[in-house]
2 protein chains.
Amino acid sequence: MITHPSFTVEPWCLRESELNLDLIAQSESVFALSNGHIGWRGNLDEGEPHGLPGAYLNGVFERHPLPYAEAGYGYPESGQTMINITDGKIIRLLVDDHPCDLRYGRLLEHERVLDFRTGVLSRTARWVSPGGRTVRITSRRLVSFTQRAVAAIVYEVEPEDGPATVAVQSELVANEQLPSLQGDPRVAAAIESPLTPEESFAQGTRLRLLHCTDRSALRVGAAADHLVEGPDSTRWTAQSEPDVSRLTVTADLTPGQPLRLFKFVAYGWSGERSQSAVRDQVDGAVAAAVSAGWDGLVADQRTYLDEFWAGADVEVEGDAQIQQAVRFALFHVLQAAARGENRAIPAKGLTGTGYDGHSFWDTESYVMPVLTFTAPEAVASALRWRHRMLPAARERARELNLAGAMFPWRTIDGSESSAYWPAGTAAFHINADIAMAAVRYVLVTGDEEFERNEGLDLLVDTARLWRRLGHHDADGVFHIDGVTGPDEYSAIARDNLYTNLMARQNLRAAADAAARHPDRAEELGVDDEETAGWREAAARMALPYNETLGVHEQSAGFTTFQHWDFDATPPENYPLLLHYPYFDLYRKQVVKQADVVLAMLECPYAFTDDEKVRNFAYYEALTVRDSSLSACCQAVLAAETGHLRLAYAYLTEAALMDLDDLEHNTRDGLHIASLAGTWLALVGGFGGLRRHLDEEGKPGLLGFAPRLPEALSRIAFTVQTRGQRLKVDIERDRARYRLVEGEPLTVLHFGQPVTVTVDKPVDREVTPCSARPEPQQPHGRRPEGLPSEEEPHEETQD
Amino acid sequence: MITHPSFTVEPWCLRESELNLDLIAQSESVFALSNGHIGWRGNLDEGEPHGLPGAYLNGVFERHPLPYAEAGYGYPESGQTMINITDGKIIRLLVDDHPCDLRYGRLLEHERVLDFRTGVLSRTARWVSPGGRTVRITSRRLVSFTQRAVAAIVYEVEPEDGPATVAVQSELVANEQLPSLQGDPRVAAAIESPLTPEESFAQGTRLRLLHCTDRSALRVGAAADHLVEGPDSTRWTAQSEPDVSRLTVTADLTPGQPLRLFKFVAYGWSGERSQSAVRDQVDGAVAAAVSAGWDGLVADQRTYLDEFWAGADVEVEGDAQIQQAVRFALFHVLQAAARGENRAIPAKGLTGTGYDGHSFWDTESYVMPVLTFTAPEAVASALRWRHRMLPAARERARELNLAGAMFPWRTIDGSESSAYWPAGTAAFHINADIAMAAVRYVLVTGDEEFERNEGLDLLVDTARLWRRLGHHDADGVFHIDGVTGPDEYSAIARDNLYTNLMARQNLRAAADAAARHPDRAEELGVDDEETAGWREAAARMALPYNETLGVHEQSAGFTTFQHWDFDATPPENYPLLLHYPYFDLYRKQVVKQADVVLAMLECPYAFTDDEKVRNFAYYEALTVRDSSLSACCQAVLAAETGHLRLAYAYLTEAALMDLDDLEHNTRDGLHIASLAGTWLALVGGFGGLRRHLDEEGKPGLLGFAPRLPEALSRIAFTVQTRGQRLKVDIERDRARYRLVEGEPLTVLHFGQPVTVTVDKPVDREVTPCSARPEPQQPHGRRPEGLPSEEEPHEETQD
């Protein structure tokens, strides 16, 4: 673990009190600003030193060939990678002709603060130039939630100890030189100089660059305008070249007489619109930003975030670090999704180029559950992107001898970009994950228009996929063979429990939705024969279970595989996939990440309480958490099965994944799904929130099963459902349900209905859970914060 | 099917009566000459036109990087490919300054004959030059079986209709320009200009070139010397450049006055020896060839082949095409292996660059069974190559978290070159195939020295691999999970029947061999505990069987998979792997090639007769024969289960695989294993030859179960075992066993012992087998020569 001693623990912000050049790439990720459309990494204003410069637009990518030493039918030939677009962040500074580069001179003070309530990244630096002049630099930066195409910066410089002549260069830069990242095979090579210049402009205080990508043929425009405040000596000129457009401001400054530059940047891109259309689009957006002004943008940002926090905040008492982490997490989850507007939510948001900027299943399975309760319109938007990609998914299904639609494992533009089919194409569960995200969204929000216009299409095409993918055996049992579940240390198995349970939901939900919208269903060619086939497949779905052990099998036969030899696995051999071949991982009992555990989270009705306890303990002993997607799910099920101390340890792991860089790759961008998992662990784990279809596919009530770990004295969170806003406030021995807004609402408290109205909060007792031996983890894989393996494992919970 | 009307059917040769430029690449493969060390494709003497120029040395290759869009632990980083080395075949001709290129001028006559008894490829051409002069060109070519480093050519040209000035250029050429082959992903790209010049020499009639490969760092030497016979006007000069060394002979010829050139070529290569050592080696070899002279080399070649045919010939009456095909097959199998001398036998021999010149498991499982009975010293040689590669195989096992030795799926130098692990690394059966080839060799030849010196090492290290790869489950059953069997349309399965049966043999044979050689076993660290573990694993080996269907499962659960929809598969979609994704093939009941059928061939004792009948019929209905390795095995089991007409159809398919280019890739080289399969189908199928360890691993007797299909009136074949030479002569209703040489021998005739001595042939009755419905093939995959699917399938056998 890389500790980051310069982060202070504060409830509403992330503060870095000194600059640590060794951790600069990580800090660029955690200080990244985004609104889901534009992403700016937390690079220093001066551009350098940097870990990875990054400015991104959701959906802007370049293609590259995917090489295969031995190719096969249906392998995607072309991959996609998110590219670093025109960088509008850069404001270079010269002090008496010395470039301000913090690697030189002397840095007296450097602080950065990301404020989760204002959405502004602030920076203060005091720097002594190599020439001996001390200057104070402050900047504030935002990517606007209200003006989707806009980002803005205020940059101020002032000498402290005598006069200084300064030059400030505010730039738009395309094709920035990128450092090459190596080591982890999962980090794909960045694409060099992806932008071909089309137009370059600089006049007065206005800058503009238009570029086009070669293979993906996307046009990217960036424009900027400025306001300059300074002494009379202040002068400026604007210049442009194909890859840079620059405003240079010079001034002679004295202490007390700062130079202040307001920079308004706008972005636009299109795969279809002309040069002049994109030019006008970005100029127009800049003009709107100038018109709002910096203060206006800041005020709007605060209003937007106030509204978000009112419906999404989680209060945590007893652990200030978790309090900070969950707000950090929610802030970044919001940033990844807020204004995507029918675009994807990538695995790293727009905070870095990890996973090539691709979106995976964890958007639907980890990020959307949080957003559904806290920012539901962002869920509808991201699901509309999936809906827009249906034609490509249908084509992919046909290519692979299947029916319906088959969504890509990893993608930016909707076409498959995974070059390893056992962990890509074969991971069919993504199709149910998408379908059930749509079902969850409709269930929680009541957005029937969405179900009718988009949801039904998603459900029908995925149901058709499952029906064709699986088959009834001689006894009528429905099997799904040759698929890979969430656990990437198994592959190409029969009847992955998670996949089959999700497919079962998917098939039933499709049949039910078709019945609710018969006219739309008829348009899609769905008839009673077809829905009967879906229901029959669902009813006869194989759910592997080992009677002797009394546990569900991750897939058929899994519990009879050889156990991984954890005792012979040294700590440095984790993550295992970098030290052992797939074939060995696949054929043994070793679990990378929650799989049966995730099934119990997604389909709780399919398991008795005792089964949950036994399953959790069984898989706990096999799960090495080599994926950032695991700890949060384990936290939820640990809490449900009464292992609160363990749940708390997993909550902590999920919460600190990026703040403590637990997987050593935060430099490449944040783990948005694991951040979302912080909320899941708190709200789903200690709040016990569940909202699912029941075994027959009927909607149940919103349920809670609150229970705190010893370390926490209180948590409180707000969730939104169908125009209602419910605050759940949990202390050790009671939970208070308070309706903040909306019609009276009935929820379940440990299965018992509780009706709340706006006037009347309701308190309910929380009873301690019974002591139970804490399950074992694989040797050496015990989470931080628990007694060591040698100590007795009796649960200390009272 | 590409028919080749210009091949005539003759018992002892392959004759092409005209030149078909569309089929030139195929003819280059079928007319290839080799002794297992040197390989010369049947290119025209003039070099062009050509399909693929090719001169190869067994073991000479270049490395190339293996690209992965998503790499994984244990993936080989570097591949190997056999390279086209210095071409010594080329003899260019100019007639009155017109280059002799058969694409120009007019070809009056062109005949090529490959004589299986002399081992000489003869050519006669009558060509009218663009200038109008008719010349007669004859050449004969051999790659010597007796002088391993030597090949030789006699080239003669004579004008027929008037005087002509001719120039003949006899060359050594390195880095020939190669055509690029495309289309089939299995054909890897050839490597351009792989040879770096080291030395170039030409003086008098002597030529020499020395080159080195870049990455594999192998030194390749070629030398030539010539005898020239011509009229007084004959002159010659020698010249050399880095990549070409050339003797140019000019003469003024008249009808009746030919120019004749004898060319003796020698090759040598080494990864260790110096330039001067290799230089001396090739010069010495040329001198020896010159000393023997053309006639001497031809006489030695004939003697060598007479001896081979005396111990290996198969006579076939009733089908002249099969008679020719089996001799063509035996000739090429011999060529691939004869003088390899501790090198591999590649899948294509040295006839082309198909499969990159790699060796696979089919060498041990298809080629070696034939050679063990017909040229056993070649088997010992090829197994010694495997033995030499043990250190690399041990290292690979360690890399993959295994024990013992793990042989590469495809290789030239002993390191893994397979870039697709589900059909490479996971195909563990190759290790048992190698081990059991050694067991078979010792069993048939009685070569105990080999067992002691090499066989035991191979057995012990593979047994250790199996013991570590598999595991006992809670009931004590030994499972081998996550492996791929011979059928490449399944992968990563539990308990592949073939693999488990072979592993069981392997484990027992290792324990037995260790007991026979306790001192050597001790050296290898084998103790009684270890062999007890091997025997226990063997005794408890899982052998999947479906009780309801009464058939063995190719792997656990296979018979419960969905059936492939053959009716919906159009003929143009074969081979399936080019039209459907692996994941779909893997999870359905569809079989590329013999797998359970091969298990029944290799381990006949493990099945009752009824099981064989049921298994054969069951898998027959699923097997599409998209591999050239299938038909011959199906022929053997079809014969054993009484389907003689079907067996004959499969024999024909195996026999004509290359002569009729059934898989459309004979241009890349011959299918040596399928050629060997012709012998297996005849001798193993209609002769019923079996020689295996029994269920307990004890050697049984050599057994026969002769039975002819209606189309054949007689087959006779000779097999060698432990210094004995047995001729088995089969007619419709009797089999005659005649000992040609050696001590009295007891064999089994349909399970009944028959003792033969040199003086006394023994006749035994052959009773017709009972009629049985002929099994069905998948729709559209019925072999040629049978009534169509619609007709009744009652066996017509009397």
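The values are calculated or read from the model by the stated rules, or taken from the named source; none is laboratory data. Only a predicted model underlies this, so the values are computations on that prediction, with no experimental measurement involved. Cβ sites come from the backbone with ideal geometry, for glycine too, and all protein chains shown count toward neighbours.
From the list A:Gly105, A:Gly59, which one is under 22 Å from A:Glu272 (Cα atoms), more than 11 Å from every other protein chain (Cβ to nearest Cβ) and in contact (Cβ under 8 Å) with a residue 24 or more places away in the chain? Steps first, please.
Values: A:Gly105 fails: under 22 Å from A:Glu272 (Cα atoms).
It is A:Gly59.
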All-but-one check, B:Pro787 against (1) part of a strand (DSSP E or B); (2) of a type outside the set (Ser, Thr, Tyr); (3) under 29 Å from B:Val591 (Cβ atoms), failing number (1)
For B:Gly79, the lone unmet condition from (1) closer than 30 Å to B:Ser418 by Cα; (2) assigned to a strand (DSSP E or B); (3) touching a Phe, Trp or Tyr at 6+ places or on another chain (Cβ under 6 Å) is (3)
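Here's the yes/no breakdown for (1) surrounded by 20 or more Cβ atoms within 10 Å (Cβ to Cβ); (2) in contact with a Leu (Cβ under 9 Å, 6 or more places away or on another chain); (3) assigned by TED's automatic domain parsing to the domain that holds B:Asn35; (4) within 25 Å of B:Trp679 (Cα to Cα):
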site: B:Pro391; (1), (2), (3), (4): no, no, no, no
site: B:Arg398; (1), (2), (3), (4): no, no, no, no
site: B:Val439; (1), (2), (3), (4): yes, yes, no, yes
site: B:Gly470; (1), (2), (3), (4): yes, no, no, no
Original post:
Looking at B:Leu680, is it touching a residue at least 24 places away in the same chain (Cβ under 8 Å) and in contact with a Cys (Cβ under 9 Å, 6 or more places away or on another chain)?
Top reply: yes
Based on this model, can you work out whether B:Ala599 counts as aliphatic (A, V, I, L, M) and assigned to a helix (DSSP H, G or I)? yes
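Among the listed residues B:Ala289, B:Ala325, B:Ala312, which satisfies the condition of being of a type outside the set (S, T, N, Q) and more than 21 Å from the chain's Cα centre (by Cα)?
Working: B:Ala325 fails: more than 21 Å from the chain's Cα centre (by Cα); B:Ala312 fails: more than 21 Å from the chain's Cα centre (by Cα).
That would be B:Ala289, the only listed residue that is of a type outside the set (S, T, N, Q) and more than 21 Å from the chain's Cα centre (by Cα).
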The condition of being in contact with a strand residue (DSSP E or B) (Cβ under 9 Å, 6 or more places away or on another chain) and more than 10 Å from chain A (Cβ to nearest Cβ) holds, among B:Asp528, B:Asp595, only for B:Asp595
Within the range A:647-694, residues being under 25 Å from A:Arg732 (Cα atoms) and among the charged types (D, E, K, R) number 3
All conditions in (1) part of a loop (DSSP other than H, G, I, E, B); (2) within 17 Å of A:Asp356 (Cα to Cα); (3) of a type outside the set (S, T, N, Q) are true of A:Gly72 except (2)
Within the range B:432-472, residues under 30 Å from A:Trp564 (Cβ atoms) and touching a strand residue (DSSP E or B) at 6+ places or on another chain (Cβ under 6 Å) come out as B:Gly470, B:His471, B:His472
Checked against (1) surrounded by fewer than 18 Cβ atoms within 10 Å (Cβ to Cβ); (2) within 10 Å of chain B (Cβ to nearest Cβ), A:Arg540 satisfies every condition except (2)
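Could you tell me which residue of the range A:3-36 is nearest to A:Arg117 (Cα to Cα), considering only residues that are among the hydroxyl-bearing types (Ser, Thr, Tyr) and crowded, with 16+ Cβ neighbours inside 10 Å?
As a first pass, look at the range A:3-36 and keep what is among the hydroxyl-bearing types (Ser, Thr, Tyr): A:3, A:6, A:8, A:17, A:27, A:29, A:34.
Then drop every residue that is not crowded, with 16+ Cβ neighbours inside 10 Å, which leaves A:6, A:27, A:29, A:34.
Values: A:Ser6: 21, A:Ser27: 19, A:Ser29: 19, A:Ser34: 14 Å.
The residue in question is A:Ser34.
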Picked from the range A:224-242 (must be in contact with a Phe, Trp or Tyr (Cβ under 8 Å, 6 or more places away or on another chain) and hydrophobic (A, V, I, L, M, F, W, C)), the residue surrounded by the fewest Cβ atoms within 10 Å (Cβ to Cβ) is A:Leu227
### Task
Restrict the check to the range A:123-131 and report whether at least one residue is in contact (Cβ under 8 Å) with a residue 40 or more places away in the chain, in contact with a helix residue (DSSP H, G or I) (Cβ under 8 Å, 6 or more places away or on another chain) and closer than 23 Å to A:Pro11 by Cα.
no
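Yes or no: B:Thr124 assigned to a strand (DSSP E or B), among the β-branched types (Val, Ile, Thr) and under 30 Å from B:Asp356 (Cβ atoms)? Please lay out each step first, then the result.
Values: assigned to a strand (DSSP E or B): yes; among the β-branched types (Val, Ile, Thr): yes; under 30 Å from B:Asp356 (Cβ atoms): no.
So B:Thr124 fails the test.
Could you list all residues from the range A:234-245 that are assigned to a strand (DSSP E or B) and free of Cβ contacts under 8 Å to residues at least 40 places away in the same chain? Explain how you work it out, then say what you get.
Kept after step one, since they are assigned to a strand (DSSP E or B), are these residues of the range A:234-245: A:235-241, A:244-245.
Result: A:Arg235, A:Trp236, A:Thr237, A:Ala238, A:Gln239.
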Of the candidates A:Ala423, A:Ala403, the one satisfying the condition of being surrounded by fewer than 24 Cβ atoms within 10 Å (Cβ to Cβ) and within 11 Å of another protein chain (Cβ to nearest Cβ) is A:Ala423
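So, of the residues in the range A:598-615 that are closer than 18 Å to A:Gly557 by Cα and surrounded by fewer than 24 Cβ atoms within 10 Å (Cβ to Cβ), which turns out to be nearest to the other protein chains (Cβ to nearest Cβ)?
Residues of the range A:598-615 closer than 18 Å to A:Gly557 by Cα: A:599, A:611, A:614-615.
Among the residues that remain, those that are also surrounded by fewer than 24 Cβ atoms within 10 Å (Cβ to Cβ) are: A:611, A:614.
Working: A:Glu611: 20, A:Arg614: 16 Å.
Ranking the candidates gives A:Arg614 first.
Out of all the residues in the range A:13-25, is one or more hydrophobic (A, V, I, L, M, F, W, C), assigned to a loop (DSSP other than H, G, I, E, B) and in contact (Cβ under 8 Å) with a residue 60 or more places away in the chain? If you could, list the steps in order and put the result at the bottom.
At the first step, the residues of the range A:13-25 found to be hydrophobic (A, V, I, L, M, F, W, C) are A:13-14, A:19, A:21, A:23-25.
Pick out the ones that are also assigned to a loop (DSSP other than H, G, I, E, B) and you get A:19.
This time we only want the ones that are in contact (Cβ under 8 Å) with a residue 60 or more places away in the chain, so: A:19.
Looking through the range A:13-25, at least one residue is hydrophobic (A, V, I, L, M, F, W, C), assigned to a loop (DSSP other than H, G, I, E, B) and in contact (Cβ under 8 Å) with a residue 60 or more places away in the chain.
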Residue hits (the range B:615-637; in contact with a Pro (Cβ under 8 Å, 6 or more places away or on another chain), assigned to a helix (DSSP H, G or I) and among the aliphatic types (A, V, I, L, M)) are B:Ala617, B:Ala631
Reported set for the range B:554-575 where residues are buried (at least 20 other Cβ atoms within 10 Å of the Cβ) and assigned to a helix (DSSP H, G or I) is B:Phe558, B:Thr559, B:Thr560
Over the range A:76-102, the set of residues in contact with a Leu (Cβ under 7 Å, 6 or more places away or on another chain) and within 14 Å of chain B (Cβ to nearest Cβ) is A:Pro76, A:Glu77, A:Ser78, A:Gly79
Just one listed residue, out of A:Pro255, A:Pro231, is more than 31 Å from the chain's Cα centre (by Cα), assigned to a loop (DSSP other than H, G, I, E, B) and without any contact (Cβ under 8 Å) to a residue 40 or more places away in the chain, and it is A:Pro231
If we ask which residues in the range B:580-592 are touching a residue at least 60 places away in the same chain (Cβ under 8 Å) and either more than 10 Å from chain A (Cβ to nearest Cβ) or aromatic (Phe, Trp, Tyr) (or both), their number turns out to be 5
- Task: For the range B:476-499, indicate whether the set of residues that are outside any helix (DSSP H, G or I), of a type in the set (Lys, Arg) and within 12 Å of another protein chain (Cβ to nearest Cβ) is non-empty.
- Result: yes
Over the range A:539-553, the set of residues over 31 Å from the mean Cα position of the chain (by Cα) and not in a loop (DSSP other than H, G, I, E, B) is A:Ala539, A:Met541, A:Tyr545, A:Asn546, A:Val551
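Do we have B:Ala438 as of a type in the set (Gly, Ala, Ser), within 14 Å of another protein chain (Cβ to nearest Cβ) and in contact (Cβ under 8 Å) with a residue 12 or more places away in the chain here? I'd like the intermediate steps shown before the answer.
Values: of a type in the set (Gly, Ala, Ser): yes; within 14 Å of another protein chain (Cβ to nearest Cβ): no; in contact (Cβ under 8 Å) with a residue 12 or more places away in the chain: yes.
For B:Ala438, the condition - of a type in the set (Gly, Ala, Ser), within 14 Å of another protein chain (Cβ to nearest Cβ) and in contact (Cβ under 8 Å) with a residue 12 or more places away in the chain - is not met.
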